[in-house]
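Values in this text are rule-based calculations from the coordinates and carry no lab data. Predicted, not measured: the structure shown is a model, and the values here were computed from it. Note that we place each Cβ from the backbone using ideal geometry, even for glycine, and neighbour counts take in every protein chain shown.
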Amino acid sequence: MNEEVKAYKTYGEQVDILAQRGMDMGDRELAIHTLRRVNYYRLSGYWYPFRKQTSSGRQDDFYAGARFSDVVALYNFDARLRAATFSALMPVELAIRALLGHELGRIDPCAHLIPSKLGPTAQSGDRYPRWLERYKGELNKSREDFVAHHDKKYGGRLPVWAATELMDWGSLTYLYGFAPRHVQDTVAEACGLSAPQLTSWLKSLNLVRNTCAHHGRLFNRVHTIVPKLPKVGRHPDLDAVSTEWNRTFGQLTLIQFLSDRLDLGRNTLLPAVMRSFPNVQIVPISHMGVPHGWQYNCALWV
């Protein structure tokens, strides 16, 4: 390697670097304790918006008023938000698993293993064979009792309504795409969406779920997938949310909407966490794509 590896820095030296760049570090020992608990480079994603923005990009120096305590407050908020998002997504995921497995089971108990029983996407190209190998891998790794039961009694051929319980969100999304269109429509209708819309929402939320599962920064992330939305007028409560749908608030609104349409109970967890956003002048809640008056004007968030 031509370039040298970046020099090792002690926790105290890391505090000094941040202070030299204009960060108010507050209690030095508390700052050192925090850096022992949370890696410097993990926290750097949270102090990034505190760095001065110029025409040539972000500078190393911080804006006046940047405080380490605010960075830590955003980090702690993000941890709460990830946990709440993961919890709020779980019943949505389980409901879609149940719906898809039930509707495919109407066609054939092993519809997921018979491409001719599925839609045209499963009958051309190599996507279905690759998905099937992935599913078999999930099946082989499973230690669920119901898998052992089916292996003993039925030679391991799980019916689709049981197989969907083994799949991760990505595999489930692919299976939804392989399903015949009438199955897709039935599942999507239960969600208040069209099949193409639900497909894009499943892909979007899979990325959100992965961010949560891998402890990624969520609160001010710009997401790579913009979900397809119903036409204005079909769902007034969704129309009332004025946001950029590739920002985190937009993505979380998808969860709020699905929880409502799938009749999973009133989801108060995400609104409660959102209300705990810290008062940080340099990085306001609008960085999440949150519209003004969201607590009062958006029925899905009230």
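List of remarks:
- Multiplying each eigenvalue of the alpha-carbon gyration tensor of the chain by 5 and taking the square root yields semi-axes of 42, 25, 17 Å, largest first, rounded to whole angstroms.
- Among Leu207, Ser242, Cys110 - extreme Cα towards positive end, dipole of the chain, charges at beta-carbon: Cys110
- nm² value of the averaged projected area, convex hull over the Cα atoms of region 143-302: 11.4
- Neighbour-count order for Arg275, Arg209, fewest beta carbons within 10 angstrom listed first: Arg275, Arg209
- Dividing the convex hull volume of the alpha carbon atoms of region 11-66 by its residue count gives 73 Å³ per residue.
- Eligible aspartates and glutamates near Lys228 by straight Cα distance, threshold 17 Å, same-chain separation 8 or greater: Asp185, Glu189, Asp237, Asp239, Glu244
- Both radii were evaluated on the Cα set of region 73-118; the Rg over Rh quotient, with Rh as the Kirkwood radius, amounts to 1.35.
- Directionally averaged projected area (convex hull, Cα atoms, region 161-228), nm²: 5.2
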